[in-house]
Amino acid sequence: PKGNSVKTEDGDAVFMNPEISAEFIGGPELLIKYINDNLKYPQEAYDNGVQGRAMVQFIIEKDGSITNAELLKTTGDESLDAAAIEVVESMPKWKPAMDLGRNVRQRFIAPVSFRIKK
């Protein structure tokens, strides 16, 4: 395969930069809106003024589903980190990535920010 792919335990390549990247249906603006609208701010963290930004890495499968969500960068708060993973795992299917005319798996990283609005 072209691009810079990495083999996984199951032997199925995961691409970082396929010819055509996976896309959240509606584009990046709707991805941000989806995360903001569906992020559940943990009440205790909110009450205590805890804020932060997590970086969540995940794989967009050949069918557009999300798997293997994991933290690349923690917020420093376990409840915020868990909420960041939860919102990523709840995303609807994406338009899958393509390489050499076929659907391929793609690794993706999304920032998830917790900000208390004043």
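The values are calculated or read from the model by the stated rules, or taken from the named source; none is laboratory data. Given the structure is predicted, the values throughout are model-derived calculations rather than measurements. Here Cβ is always computed from backbone atoms with ideal geometry, including for glycine, and neighbour counts include all displayed protein chains. What goes into the accessible areas is simple: the full protein's heavy atoms, side chains included, and nothing from ligands, DNA or RNA. Shrake-Rupley method; radii C 1.70, N 1.55, O 1.52, S 1.80 Å.
Tell me, what is the FRET efficiency for Arg102 and Gln51 to the nearest 0.05, using R0 = 35 angstrom and their Cβ-Cβ distance as r? Efficiency computed from Cβ-Cβ geometry: 0.25.
Against the main long axis of the alpha-carbon atoms of the chain, helix 78-89 sits at an angle near 40°. Report in % the part of the accessible area of the chain that belongs to carbon and sulfur, leaving out ligands and nucleic acids; probe 1.4 Å. Reported share for carbon and sulfur atoms: 52 percent.
Tally the DSSP beta bridges in segment 1-112 and give the antiparallel ones as a percent, rounded to 5. Could the numbers behind the result be given before it?
Working: 19 of 21 bridges.
Within segment 1-112, antiparallel bridges account for around 90 percent of the total.
Dividing the summed -39500 (n - 2.57) terms of all DSSP H runs of n ≥ 4 by the residue count of the chain sets its mean residue ellipticity at 222 nm at -7000 deg cm²/dmol. Multiplying the residue separation of Ser90 and Ile109 by 0.36 nm and subtracting their alpha-carbon distance yields 5.3 nm.
Under the convention that each Lys and Arg Cβ holds +1 and each Asp and Glu Cβ holds -1, the size of the dipole of segment 45-118 around its Cα centre is about 440 debye. What number comes out for accessible area per residue over the chain if the probe is 1.4 Å? Units Å², please. Per-residue value: 58 Å². Going through the cross-link list Lys33/Lys118; Lys33/Lys73; Lys73/Lys117; Lys95/Lys118; Lys40/Lys73, which pairs have a Cα-Cα distance over 30 Å in this structure? Checking Cα-Cα distances, Lys95/Lys118 exceed 30 Å.
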